[in-house]
Amino acid sequence: MTGMTRTFALAVAPNGARRTHVDHRALPMTPDELGACAKACLEAGAAMIHLHVRKADGTHSLEVPDYTAGIDAVRRAVGNELVLQVTTEAVGVYTPERQIATVRALHPEAISVALREVLPDAAHAPAAEAFFGWLWQAHITTQYILYDTEDVAHYWRLRASGAIRPGRHWVLFVLGRYSKGQLSSPSDLLPFLAAWQAGAQAQGEALGATPWAMCAFGPREAECALAAVLYGGHARIGFENNLYLPDGRVSPDNAASLSALTAAAKPLALAPMKADALRELTR
């Protein structure tokens, strides 16, 4: 809190794994484009960039050299003024073993990882749980991606077993991932919150002890994000999931999409936090 203003973490997801310049000319794909986008989004209020990188042919990559080039470009553009979170998204290409190997090789500041990808079945549990333990010990801030209420329940089972330790992580609720056309509405947040609160209560954890954020699909993205912030959460915005402004117009760039949320939040005395505040929140 600063005076009467409450702060929230605002992350940008500027490109994702699938969209290209065919979808939007301002979608960053190359390292230089990622650096320029990161700088613009920092100025628009972002505390974190959720980083996807591409191969030379423009397709999704978890290859270490591709990641190194992207990370270096973003750091040249913004230094440490953004938390740099690398994705481990498989996109049907990378196995859990490859996802884990990339993170171990990069040793980045922060990652996102979908439970259902690295721990799809009991056979993968030993390797996944060892990975979760290593992330905690290595002080790599981890964001566990949860696609539905069963994923939320799975997360809390892993917390209860000790496979995921308290601290040094947060979670991301993905709203509307499996609805028709991948469109989200603020009400999609409610089942997540109910499952999250039930899990915290069963674990004996105070609400808010583990931070949570959300991402959403379609032109109601900013509405969903504002709802999350009003409920005490945090938000991820960007071209990975949505190319539109709240009024239905195509957004000119990722920074404009962030500004749609911050402009709506400002009259409510809600403001985006800086990267170091996010680092403190998820330490």
Are there any pairs, at least 6 apart or on different chains, whose C-beta atoms fall under 8 Å, with the first in region 221-237 and closer than 16 Å to SER257 by Cβ and of a type in the set (Gly, Ala, Ser) and the second in a loop (DSSP other than H, G, I, E, B) and open to solvent by less than 10 Å² (accessible area, probe 1.4 Å), and if so, which?
ALA225/ALA216; ALA235/ALA9
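Okay, residues lined up against (1) open to solvent by 20 Å² or more (accessible area, probe 1.4 Å); (2) more than 18 Å from the chain's Cα centre (by Cα):
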| residue | (1), (2) |
| --- | --- |
| CYS215 | no, no |
| ARG220 | yes, no |
| LEU226 | yes, no |
| VAL229 | no, no |
| ALA235 | no, no |
| GLU240 | yes, no |
| ASP247 | yes, yes |
| PRO252 | yes, yes |
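Here is a yes/no grid of residues against (1) free of Cβ contacts under 8 Å to residues at least 40 places away in the same chain; (2) in contact with a Pro (Cβ under 8 Å, 6 or more places away or on another chain); (3) on the phi > 0 side of the Ramachandran plot; (4) open to solvent by less than 30 Å² (accessible area, probe 1.4 Å):
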residue: ALA128; (1), (2), (3), (4): yes, yes, no, yes
residue: PRO186; (1), (2), (3), (4): no, no, no, no
residue: LEU189; (1), (2), (3), (4): no, no, no, yes
residue: TRP196; (1), (2), (3), (4): no, no, no, yes
residue: GLY208; (1), (2), (3), (4): yes, no, yes, no
Can you spot a residue in region 44-61 that is touching a residue at least 12 places away in the same chain (Cβ under 8 Å) and open to solvent by 40 Å² or more (accessible area, probe 1.4 Å)?
no
Condition first: loosely packed, with under 14 Cβ neighbours inside 10 Å and of a type outside the set (Gly, Ala, Ser). Can you find one or more residues in region 162-169 that meet it?
yes
Would you point out which residue out of ARG116, ARG98, ARG159 is of a type in the set (Lys, Arg) and either open to solvent by less than 70 Å² (accessible area, probe 1.4 Å) or within 22 Å of ARG279 (Cα to Cα) (or both)?
ARG159
So which residues in region 62-75 are in contact (Cβ under 8 Å) with a residue 40 or more places away in the chain and either buried (at least 23 other Cβ atoms within 10 Å of the Cβ) or touching a Gly at 6+ places or on another chain (Cβ under 6 Å) (or both), if there are any at all?
LEU62, ALA73, VAL74
Spans of helices (runs of 4 or more DSSP H) in region 169-283 with at least 1 residues in contact with a helix residue (DSSP H, G or I) (Cβ under 6 Å, 6 or more places away or on another chain)
189-203, 221-230, 254-265
Quick check: anything in region 7-23 open to solvent by 40 Å² or more (accessible area, probe 1.4 Å), of a type in the set (Val, Ile, Thr) and touching a residue at least 60 places away in the same chain (Cβ under 8 Å)?
yes
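The values are calculated or read from the model by the stated rules, or taken from the named source; none is laboratory data. Please read these numbers as outputs of a predicted model, since none were measured by experiment. Neighbour counts run over all protein chains shown; Cβ positions are idealised from the backbone, glycine included. Accessible surface is based on the protein model in full, side chains and every heavy atom, while ligands, DNA and RNA are left aside. Shrake-Rupley method; radii C 1.70, N 1.55, O 1.52, S 1.80 Å.
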